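The values are calculated or read from the model by the stated rules, or taken from the named source; none is laboratory data. It should be emphasised that the depicted structure is a prediction, and the values quoted were computed from it without experimental measurement. When we count neighbours, we look across all protein chains shown, and the Cβ atoms used for this are built from the backbone with ideal geometry, even at glycine. Remember, those area values only see protein heavy atoms, side chains included, never the ligands or the DNA or RNA. Shrake-Rupley method; radii C 1.70, N 1.55, O 1.52, S 1.80 Å.
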Amino acid sequence: MDISYILNELGEERENYFNAIAPPIIQTSNFKFNTVDDFRSALADEYQGNLYSRGFNPTIDILRIKLAALDGAQDALVFGSGIAAVTIPVLALLQQGDEVVCVENPYSWTIKLFNNLLPKFGVKTTFVDGSGTKSIEAAITPQTKLIYLESPNTFSFEVQDLEAIAKIAKAKNIITMIDNSYCSPLYQQPIAYGIDLVAQSATKYLAGHSDVVAGVVTGKKELIKKIFEKEYMNIGASVAPQTAWLLLRSLRTLPIRLEKITENANKVIQYLEQHPAIERILHPFNRNNKQLALAKKQMKACGGLFSIVLKNPSLEKIEAFCNNLKHILMAVSWGGYESLIIPACAGVSKADFDSNNPRHVLIRIYVGLEEPEYLIKDLEQALKLISN
Ligand SMILES: *Cc1c(COP(=O)(O)O)cnc(C)c1O
């Protein structure tokens, strides 16, 4: 399907709302029925239509149709956060006694889901190095029901071979799920590689303006229906119509935003690569990345996220560099207009910081939509201050 058709027309029945160009916000919690018979059939199968906005709502439906099409999926569910789009499907798919194989270093709250929440329900998770398929295969037991991937992750950017892993899983009737937030549907299409469920934090590129928290999961209708009917409805993490509308508005500019973000990030990376104060750049398309060939096979481009390591990265040096940035803002999240920075050491107590720990010394940069020269100037003055 043509991307312009998906973003402009698909799901939008303008004749139903006064031929308005922009979609309407149907700000209602409930929908009326004319007969008990109609009411009964709606109650019996809420997946079929509008009954109550904790389930479906016309504004959210326009968004679902577009998000499913962007992923090449049959259906989509939209959630009140990205982590709900991870947690709720996982809860829906597993029973007591089941096991999960998860790649190392996924998103922090995903780790907590597998380490803290699922054990309460008797579900065990094994974390494995996902850079090859052998460790994944070795971790599979007869109880394994889910293989959970994040390719690339959003701090150190390891990737997994989606096609090979999907094949292994299919042969054993194991469901595969990926967090595709880093790439968005524009840069990676996991369903085409055989992955069953694709989750994304819509807070990031899809919303793209640092003003919305939301999530999405896409996949086959039967899986989406299963997630919807029980856990989605019971946990109640649906999105408000107003938020869905903001996402619809944002989707129109997703291609142009991502294109410019990618171009900006590449310019900033080029600058940093030649800077003597920089030890290393972590980025899927970096020429020194051991996984470069696989990353290039699966991904069209990388967007704005990468990490750097300073030369001789003491805590004082990392802090001085970050504290001295004037325009690049220190904040969690990414995907909006504003360029952001997170030093991993902010998540480690001063006493525990170890400059020999490769994860402690990472500084993650998100390059947004400012002009790259403006960002480079900011990085330059902060690097100068720590180079003396
Ligand atoms: C932000 C993020 C999430 C969580 O999304 P929220 O919208 O913050 O709940 C999940 N996975 C990745 C990779 C993320 O970056």
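Could you tell me whether residue 331 is over 20 Å from residue 209 (Cβ atoms) and either in contact with a Ser or Thr (Cβ under 8 Å, 6 or more places away or on another chain) or aliphatic (A, V, I, L, M) (or both)?
no
Please find, within region 168-179, the residue that is nearest to the ligand (Cβ to nearest atom) out of those that are closer than 17 Å to residue 82 by Cβ and either in contact (Cβ under 8 Å) with a residue 40 or more places away in the chain or assigned by TED's automatic domain parsing to the domain that holds residue 295 (or both).
Checked region 168-179; the qualifying residue nearest to the ligand (Cβ to nearest atom) is 179.
Given the options 122, 130, 194, name the one that is free of Cβ contacts under 8 Å to residues at least 60 places away in the same chain and closer than 22 Å to residue 1 by Cα. Give the derivation first.
Working: 122 fails: closer than 22 Å to residue 1 by Cα; 130 fails: closer than 22 Å to residue 1 by Cα.
The conditions single out 194.
Checking the condition surrounded by 14 or more Cβ atoms within 10 Å (Cβ to Cβ) and of a type in the set (Gly, Ala, Ser), which residue from 22, 68 passes?
One residue alone meets the criteria, 68.
Table: residues versus (1) away from the ligand (no atom under 16 Å from the Cβ); (2) of a type in the set (Phe, Trp, Tyr); (3) in contact with a strand residue (DSSP E or B) (Cβ under 6 Å, 6 or more places away or on another chain).
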position	(1), (2), (3)
109	no, yes, no
118	yes, no, no
123	yes, no, no
131	yes, no, no
134	yes, no, no
153	no, no, no
183	no, no, no
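Condition check: among the acidic types (Asp, Glu) and open to solvent by 100 Å² or more (accessible area, probe 1.4 Å). Does residue 15 satisfy that?
Working: among the acidic types (Asp, Glu): yes; open to solvent by 100 Å² or more (accessible area, probe 1.4 Å): yes.
Considered against the rule, which asks whether it is among the acidic types (Asp, Glu) and open to solvent by 100 Å² or more (accessible area, probe 1.4 Å), residue 15 comes out as yes.
Of all residues in region 201-218, which are part of a strand (DSSP E or B) and more than 6 Å from the ligand (Cβ to nearest atom)?
Listed by number, the residues that qualify are 216, 217, 218.
Look through 250, 210 and report the one residue that is among the small types (Gly, Ala, Ser) and open to solvent by 20 Å² or more (accessible area, probe 1.4 Å).
210
Residue check, residue 238 against (1) under 18 Å from residue 334 (Cα atoms); (2) surrounded by 22 or more Cβ atoms within 10 Å (Cβ to Cβ), all met but one. Which one?
In the conditions (1) under 18 Å from residue 334 (Cα atoms); (2) surrounded by 22 or more Cβ atoms within 10 Å (Cβ to Cβ), residue 238 misses (1) alone.
Just wondering, is there one or more residues in region 72-83 that are free of Cβ contacts under 8 Å to residues at least 40 places away in the same chain and over 18 Å from the mean Cα position of the chain (by Cα)?
No: region 72-83 contains no residue that is free of Cβ contacts under 8 Å to residues at least 40 places away in the same chain and over 18 Å from the mean Cα position of the chain (by Cα).
Within region 192-201, is there a residue that is farther than 24 Å from residue 114 by Cβ and open to solvent by 10 Å² or more (accessible area, probe 1.4 Å)?
Checked region 192-201: at least one residue is farther than 24 Å from residue 114 by Cβ and open to solvent by 10 Å² or more (accessible area, probe 1.4 Å).
Going by the structure shown, is residue 70 more than 16 Å from the ligand (Cβ to nearest atom) and under 18 Å from residue 224 (Cβ atoms)? Working first, answer last.
On the way: more than 16 Å from the ligand (Cβ to nearest atom): yes; under 18 Å from residue 224 (Cβ atoms): yes.
Here the answer is yes, as residue 70 does meet what is asked.
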